[in-house]
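**Student:** Take this structure first; my questions come after.
Derivation of every value follows stated rules applied to the coordinates shown; laboratory data play no part. This is a predicted model, so every value here is computed, not measured. Cβ sites come from the backbone with ideal geometry, for glycine too, and all protein chains shown count toward neighbours.
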């Protein structure tokens, strides 16, 4: 039961399952009706680097539009990479041939945010969960496949009696379980969980999070957990990366990050999260950031955060900060601290 | 913390008649808010928290909705006995509402200025010039920079946080005595949520209005409300002053909900305690305690008889047959 206790992570070993190096994903902004020309680009992900150790859960947090979802999708090859590289299980995603790509698709899976939009409403549960098995030709006969779907349903806490039902007959929490069963069907090593609990009620969130943890223990899974719920990320993740406007501004082990945040954005973000304790909440020092996140089409010069930063100095608008290790295993990109 | 009574809802029951049968959305809810008081109504989706407030505002379409019983006394006037015409003068002027999704609550083809001005012209009889000037003031008051220019823009030109500010400006237009905020920060990022909560707190203190804040997020409420009502399946199951709810939750549901919540201010010490099962089907007429099927403490009586909300400690009411501290029937 490794991830269940506080002392779980040792990041010292170099058994990296996922290696991301200077990953960039830009989307073109087109203009013109008949003859389209590119007038700019949305710099959704702008040069991020990190590794994920086998069996680890890496959290990725940030506000909407910071590029965390795009990062997850690009890593799995769902969007073509603009530049940089992603290596999963030793295979480089953007250089993979057909056979290798198929391997990555089997070993790396995704769980989506919207339990309503991510299941085909015309397919039965059996079809949905059985699809990866069929695509990857993991089991030959229908009978074997059905047995496997049964097994997967039990694994995620769904009654196999419901195997021939359709998605609309399930609640949000149950649908998320179906999505998890589908992700598990191809026996993956790495799962990108893209806000898997954001659409669920509090009492159901805990069920799904506990399920994800049990599955991780059972199969030694590695997770990239993308979320905006910072409390849940502290609970479930071993290390946490904070993104702002396409870049990672800080990356550290969870307790280090939450107890000793260095980047002014992380500090402000953490201070904005409400605490379910009235006495504590009343005396808390809140840093209210002014304004909104700027557009990723024309991000501010230098450090992208400088127009909203309470500590901004002259250098911050002139040059982008260097990504450096400010304390052991605590990485940050900031000129000032 | 004693406030003069502003709104008193008694035994409200709202149902919906749909093809599949009757939805028992609100099943006898009583709520009190004093002048200038901040009350939070907390519950998960489908617990009836929004329907309760929509019923009070008389915004439930009937049919399919039906008001089976209840009374809503606003400054001792029963809102349910007013004519539609009289109600229109209450809505927006004396009590205003802010919704979760500012994009659907704003009209996309009218400028923001026009929509704020409309409230002022209808309720306060202002002319074009006066309403424009007042709208500029309001927009500035909620912290939107460059108010003159922003007023001539359309809702799609506003970010989510700015739209919610515009909605708040609109609801404040007539200085209402009661603001009903229905999950106003749920669609927003935490940093923007913090901005909006600070804004609402400031306006509340400046204007002395009462607030009913509807939410599913126990975290948001902790620093904002004076009193909390917890709803489950169309019933209020616990009601207490805010410190009591968080320090001594007495209803098993509230207790379980707080245990299911991860904390940003603490190191992880255990797995999350999850609540098994799912909320009840509202198409079945309530029988017994609605939480009994998911409750760790439930015994025979819970399945037969639904407990009424009763005072069991100062400023603290619960609807439960069990004493959670001992796990035995009270």
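**Student:** Hey, in the GNM for chain A with a 10 angstrom Cα cutoff, which one of A:43, A:68, A:95 fluctuates hardest?
**Tutor:** A:95
**Student:** What angle do you read, to the nearest 10 degrees and between 0 and 90, between the alpha-carbon axis of helix A:98-107 and the longest principal axis of chain A?
**Tutor:** 90 degrees
**Student:** Could I ask something else about it? Looking only at other chains, what is the average number of their beta-carbon atoms within 10 angstrom of each beta-carbon in A:287-294?
**Tutor:** Average neighbour count from other chains, rounded to a whole number: 5.
**Student:** Still on this structure: Quick one: helix B:112-124 against the long Cα principal axis of chain B, what's the angle to the nearest 10°, folded into 0 to 90?
**Tutor:** It works out to around 90 degrees.
**Student:** Still on this structure: Consider all pairwise Cα distances in the stretch A:13-333 and report the whole-number % of them above 25 Å.
**Tutor:** 54 percent
**Student:** So for the stretch A:13-333, averaging the separation of alpha carbon pairs under 8 Å that are six or more residues apart and normalising by length, what relative contact order in percent results?
**Tutor:** After rounding, I find 20 percent.
**Student:** Among B:122, B:196, B:236, which one shows the highest mean-square fluctuation when chain B is modelled as a Gaussian network with alpha-carbon springs under 10 Å?
**Tutor:** The residue that fluctuates most here is B:122.
**Student:** Quick one: helix A:125-135 against the long Cα principal axis of chain A, what's the angle to the nearest 10°, folded into 0 to 90?
**Tutor:** 80 degrees
**Student:** Could you work out the mean count of beta carbons from other protein chains within 10 Å of each residue's beta carbon in B:255-264?
**Tutor:** The per-residue average across the peptide is 6.
**Student:** With a cut-off of 8 Å between alpha carbons and a minimum separation of six or more residues, what is the relative contact order of chain B in percent?
**Tutor:** Computed value for chain B: 20 percent relative contact order.
**Student:** Could you work out, residue by residue across A:205-216, how many beta carbons of other chains sit within 10 Å of that residue's beta carbon, and then give the average as an integer?
**Tutor:** Across the residues of A:205-216, the mean count of other-chain Cβ atoms within 10 Å is 3.
**Student:** Rank B:203, B:261, B:218 by mean-square fluctuation in a GNM of chain B with C-alpha springs under 10 angstrom and give only the top-ranked residue.
**Tutor:** With Cα springs under 10 Å in chain B, the top fluctuation among B:203, B:261, B:218 is at B:261.
**Student:** May I pose another question? Taking neighbour counts of Cβ atoms within 10 Å as a proxy for exposure, in what order, fewest first, do B:217, B:296 appear?
**Tutor:** B:296, B:217
**Student:** Quick one: grab the alpha carbon gyration tensor of the protein assembly as shown, order the square roots of its eigenvalues as a ≥ b ≥ c, and give me rounded if a/c is under 1.5, else prolate or oblate depending on whether a/b is larger than b/c.
**Tutor:** Because a/c hits 1.5 or more and a/b fails to exceed b/c, the protein assembly as shown counts as oblate.
**Student:** Measuring from centroid to centroid over Cα atoms, what is the spacing of the stretch A:194-262 and the stretch B:1-52 in Å?
**Tutor:** Going from one Cα centre to the other spans 35 Å.
**Student:** Okay, moving on. Looking at the square roots a ≥ b ≥ c of the eigenvalues of the Cα gyration tensor of the stretch B:1-156, which shape do they give, rounded for a/c under 1.5, prolate if a/b is larger than b/c, or oblate?
**Tutor:** Prolate, since a/c reaches 1.5 and a/b exceeds b/c.
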